[in-house]
Amino acid sequence: MRISDLALTARDMLPTLRSITVWLTLMSAIPTASLAQAPETAVVMLGTGTPNADPERSGPAVAVVRGGRSYLVDAGPGVVRRAAAAAALHADSALQPRNLRTLFLTHLHSDHTVGLPDLILSAWTLERDVPLEVYGPPGTQAMVDHLLAAYVADIRNRIDGLEPANPTGYQVRVHEIAPGQVFDDGNVTVTAFAVPHGDWEVAFGYRFQSADRSIVISGDTRASDAVVNACDGCDLLVHEVYSAERFRTRPPAWQAYHAKAHTSTTELADVARRAAPKQLLLYHQLFWGTTDEGLIAETRAAGYKGPIRSAADLTRY
Ligand SMILES: [Zn+2]
Ligand SMILES: [Zn+2]
């Protein structure tokens, strides 16, 4: 394309720009009541997966977005690429890699943390210039220290070499937390609660509260009153699940593990009935051959009558 073509193209676009301006003016005249259905605080599923290497489902990572800021829960494999995809799909700059600044870890199992070096280093390379704030269980500081040590040659080269990397964005401020309120920036408050996850020592679920919405994310847990109490009529309950029906086909050793570490559709029906969320959203789904519809049907058949959906990657709720 020649420069003269470019000039022509810009001129051709003027009427389009004018009609966009008219459209924006019309939009601003629409009463806010008709736009009020969409809450300001949203959840974007960056990864709904498990350790299974499903190409359609990245590792567990959930973003809560409000007021131009994003708050991530867990950093499964693929987290930065999924966040970039979500930023483009939903036209939300809060999910651009350079704006990924706050992370809450439910626990340190690898499927929830393999994306942590990605979040530390890739987002920095993509020009995040403030330290990453990480809230997590005891052991988080040691994990971060080891990751930074593992990548020391990369960090030194990017700062001291030819690359114009900033000297702050790779840094991590770790907050090792205990159950209770762990975060309040005036935009959202976050409360951590302990959940039982097999013989894993410390695992948390998180409750996000903003002016317009309450959101509870279970993390990895077997069926637990802790989730019921944290939700207690919350707007959105994001809960892990496995298929009770397909569970029977699993080898005995895996059955023993899953029964103690995770939540079946049958158990989730009881949890959700008592937690009474305005919307139940399944994630970290262990399908073992069934489908989203299959998981929903199992949960319904076990007695849960409320609103239920099974999350896919990149969807916004
Ligand atoms: Zn997991
Ligand atoms: Zn786990």
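Of the listed requirements (1) under 21 Å from Leu236 (Cα atoms); (2) in contact with a Phe, Trp or Tyr (Cβ under 8 Å, 6 or more places away or on another chain); (3) not β-branched (Val, Ile, Thr); (4) not in a strand (DSSP E or B), Ala75 misses just one: (2). Across region 221-232, not a single residue is classified as at positive phi, within 16 Å of ligand 1 (Cβ to nearest atom) and at pLDDT 95 or above. If the condition is being within 15 Å of Phe287 (Cα to Cα) and either small (Gly, Ala, Ser) or outside any loop (DSSP other than H, G, I, E, B) (or both), then region 246-258 contributes Arg246, Phe247, Trp254, Gln255, His258.
Does Tyr304 satisfy the condition of being within 20 Å of Pro60 (Cα to Cα), more than 24 Å from the chain's Cα centre (by Cα) and of a type outside the set (S, T, N, Q)? Spelling it out, it is not the case that Tyr304 is within 20 Å of Pro60 (Cα to Cα), more than 24 Å from the chain's Cα centre (by Cα) and of a type outside the set (S, T, N, Q). So is Val130 among the aliphatic types (A, V, I, L, M) and surrounded by 13 or more Cβ atoms within 10 Å (Cβ to Cβ) or not? In short, yes.
A search for C-beta distances below 6 Å between a residue of region 98-109 that is more than 16 Å from ligand 1 (Cβ to nearest atom) and any residue that is not hydrophobic (A, V, I, L, M, F, W, C), counting only pairs 6+ apart in sequence or on different chains, returns Arg98/Glu127; Arg98/Arg128; Thr102/Tyr71; Thr102/Glu133.
If you check His146, His112, His107 for being out of contact with any Leu (no Cβ under 8 Å at 6 or more places or on another chain) and surrounded by 19 or more Cβ atoms within 10 Å (Cβ to Cβ), only one passes: His107.
Pairing residues of region 40-57 that are touching a residue at least 60 places away in the same chain (Cβ under 8 Å) and over 14 Å from Leu95 (Cβ atoms) with residues that are among the hydrophobic types (A, V, I, L, M, F, W, C) and in a loop (DSSP other than H, G, I, E, B), at Cβ distances under 6 Å and at least 6 apart in sequence or on separate chains, gives Thr48/Ala311.
The values are calculated or read from the model by the stated rules, or taken from the named source; none is laboratory data. As the structure is a prediction and not an experimental result, all values here were calculated from the model. All Cβ positions, even for glycine, are placed from backbone atoms using ideal geometry, and neighbour counts span all protein chains on display.
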